[in-house]
Amino acid sequence: MFAADLGGSKDQQGQSRPQEAAASSSSSSQQAWYSSSSSRPQTSGQIPAHVSPGEAAGIIAFLKDKSVDELRKLLSDKDAYQQFLLSLDQVKIQNNIKDELRRETLQLARENLDKEPQIMELRNQCRIIRTTELATAQEKLNELERQKEEILKFYSPGFLHHRLQEAMKEVDEESEALQDKFLEKEIDTAAFVQKYKKLRTTYHRRALIHLAARTSTIG
């Protein structure tokens, strides 16, 4: 009887061990799938390496009802694995975003191609402006720059000093010529005094201005 009890106990243990083995195999397969899926290189539509706890919980909840054979198939069958990934909501969202971006990119490319004739026309107009209107405007600008330099040169201190010296020399020569006429009796005394006085007054005024300008420049 004791042996029968032992035999019965062994049978019960024998029956329980396959169930525990199956459960252990299922758990090991799930862990192997997680580790394998996390180490797989990402492809289009694959779950990103870093997922939120909520997303991970959703994937685990989706996997917990699968049998051991289904889990093994996911690990061994590439097509089944890819189909499973594409069925996940997270992957669907990513694929939809990717498709939307692709459509928008293609739309922008088409719009750019449609605008290419207009761009070419504007480019030709810019080239014409550079070769004609811009050249004329540049020539006019150069002429205005030359005139500006001439005006600035005319009113520069050095040029004004030179002009003042020339004016002093002209008055001095004119007064000497008048004096020669007076000595040669070509002009009477009254006219000579009046003109000579006026010329010398102009000469000395210019000489004082020239002296003041030189003093101011030196200071």
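Taken together, the values in this text are just the output of simple stated rules run on the coordinates, not laboratory data. Source: prediction; values computed, not measured. Reconstructed Cβ throughout: ideal geometry from the backbone, glycine too, with neighbour counts over all protein chains shown.
For this structure, a couple of remarks:
- Pair R102, Q138: separation of 7 Å Cα→Cβ label points (nm): 5.0
- Relative to one another, the C-alpha centroids of segment 182-219 and segment 71-121 are positioned 98 Å apart.
- Using a simple spin-label model with pseudo-atoms 7 Å out from Cα toward Cβ, C126 and V68 lie 7.2 nm apart.
- Flagged links, alpha-carbon separation over 27 Å, of K148/K198; K92/K115; K153/K195; K66/K92; K153/K181: K148/K198; K92/K115; K153/K195; K153/K181
- Of the peptides 110-118, 88-96, 167-175, the order by per-residue mean of other Cβ atoms within 10 Å, starting with the highest, comes out as 167-175, 88-96, 110-118.
- Put simply, the C-alpha atoms of segment 88-185 give a gyration tensor, and the ellipsoid matching it has half-axes of 83, 18, 4 Å, longest first.
- Hydrodynamic analysis of segment 66-137 uses the Kirkwood radius over alpha carbon pairs. Inserted into Stokes-Einstein at 20 °C and 1.002 mPa s, it gives a translational diffusion coefficient of 125 µm²/s.
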